[in-house]
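These notes are about the structure you will find just below.
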Amino acid sequence: MLSDALLALRGYDLRSIHHWGWRDMARVATVLPGESALYALLHRLKGERVARRKEVVETLFVLDRLAPELARARVVCEVGAGHGQVGLFAAALGGGRLRVHQIDRRQPESFAKIQELLALDRPAAKTAVRYRQVRLDRVAALPPCDLALGVHLCGALTDTFADLACAAGVAFAVIPCCEARSLLPADVAAPDGDPEPLVTAHRLARWRARGYAVEERSLPPELTDRGRVFVCMPGPAATR
């Protein structure tokens, strides 16, 4: 996989916030065939100052880690989409097979620029993607989809997102972020140290109680210190 191959490149800082440029493409060229669709998409971003290395590389890792679920899906709903790169790349590489709904409270200017660039090679980046601007706490229900996705959903947004996915009875994948003691149930004593392990334990218990099988995957620490990926699949007993 390209993402994991990038880990092996000496002196390549995956967390860099420099804009994606020719030096990045020179690195990618050592591990990715130049005739590939992904290479062409990455090449379109080179020098355009619309995407940063960390965001691009993280997008590649998320797509790799969720490759089995994305291969089975026909419609994906990405919540907290931000610049939209995960959904845009997924739609572009899906060859017109995948439709993507993206939700966030604000669509950044960079989204349209990235979308236009990717659509030069893969029109599905434009035709198969819809971006809806709305606060998540005002979303009554997710659009019909096969897979709901949330990357770095801060604090209680992870729980709001998971509740919406469970209510729809759909598979979901989430990378939580910014866990705080306030996310624990009122009758649970807050720990003295990092609350993340206890917050996560209670979340997983809730999702499993609703009939979901939960698998944990991960993004590398070289990229992020918030890289726990939880893939949750509804079973026959999943409750809505």
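Please indicate, with yes or no, whether at least one residue in the stretch 110-128 is within 20 Å of LEU219 (Cβ to Cβ) and either in contact with a Gly (Cβ under 7 Å, 6 or more places away or on another chain) or not aromatic (Phe, Trp, Tyr) (or both). No, the stretch 110-128 contains no residue that is within 20 Å of LEU219 (Cβ to Cβ) and either in contact with a Gly (Cβ under 7 Å, 6 or more places away or on another chain) or not aromatic (Phe, Trp, Tyr) (or both).
When the residues of the stretch 199-240 are filtered to those that are of a type in the set (A, V, I, L, M, F, W, C), part of a helix (DSSP H, G or I) and crowded, with 17+ Cβ neighbours inside 10 Å, the one that is modelled with the highest pLDDT is TRP207.
Each row is one residue, and each column tells you yes or no for (1) touching a Cys at 6+ places or on another chain (Cβ under 7 Å); (2) without any contact (Cβ under 8 Å) to a residue 40 or more places away in the chain.
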residue: ALA140; (1), (2): no, yes
residue: HIS152; (1), (2): yes, no
residue: GLY155; (1), (2): yes, yes
residue: ALA168; (1), (2): no, no
residue: PHE172; (1), (2): yes, no
residue: LEU223; (1), (2): no, no
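I need the full set of residues from the stretch 162-172 which are more than 23 Å from ASP194 (Cβ to Cβ) and within 17 Å of the chain's Cα centre (by Cα), in order please. Passing the criteria: LEU164, ALA165, VAL170, ALA171, PHE172.
Each row is one residue, and each column tells you yes or no for (1) touching a Lys or Arg at 6+ places or on another chain (Cβ under 9 Å); (2) closer than 23 Å to LEU45 by Cα; (3) among the hydrophobic types (A, V, I, L, M, F, W, C).
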{"site": "GLN85", "(1), (2), (3)": "no, yes, no"}
{"site": "GLN115", "(1), (2), (3)": "yes, yes, no"}
{"site": "LEU136", "(1), (2), (3)": "yes, no, yes"}
{"site": "ALA140", "(1), (2), (3)": "no, no, yes"}
{"site": "LEU147", "(1), (2), (3)": "yes, no, yes"}
{"site": "ALA156", "(1), (2), (3)": "no, no, yes"}
{"site": "ALA162", "(1), (2), (3)": "yes, no, yes"}
{"site": "PHE172", "(1), (2), (3)": "no, no, yes"}
{"site": "LEU184", "(1), (2), (3)": "no, no, yes"}
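Is the stretch 9-17 home to any residue that is more than 12 Å from the chain's Cα centre (by Cα) and closer than 20 Å to ASP146 by Cβ? There is no residue in the stretch 9-17 that is more than 12 Å from the chain's Cα centre (by Cα) and closer than 20 Å to ASP146 by Cβ. Kindly indicate whether any position in the stretch 160-177 is more than 16 Å from ALA148 (Cβ to Cβ) and not small (Gly, Ala, Ser). The answer is yes; a qualifying residue exists.
The values are calculated or read from the model by the stated rules, or taken from the named source; none is laboratory data. Note that the structure is a prediction, hence the values are computed from the model and not measured. Using ideal geometry, Cβ is built from the backbone for each residue, glycine included, and neighbour counts are taken over all protein chains shown.
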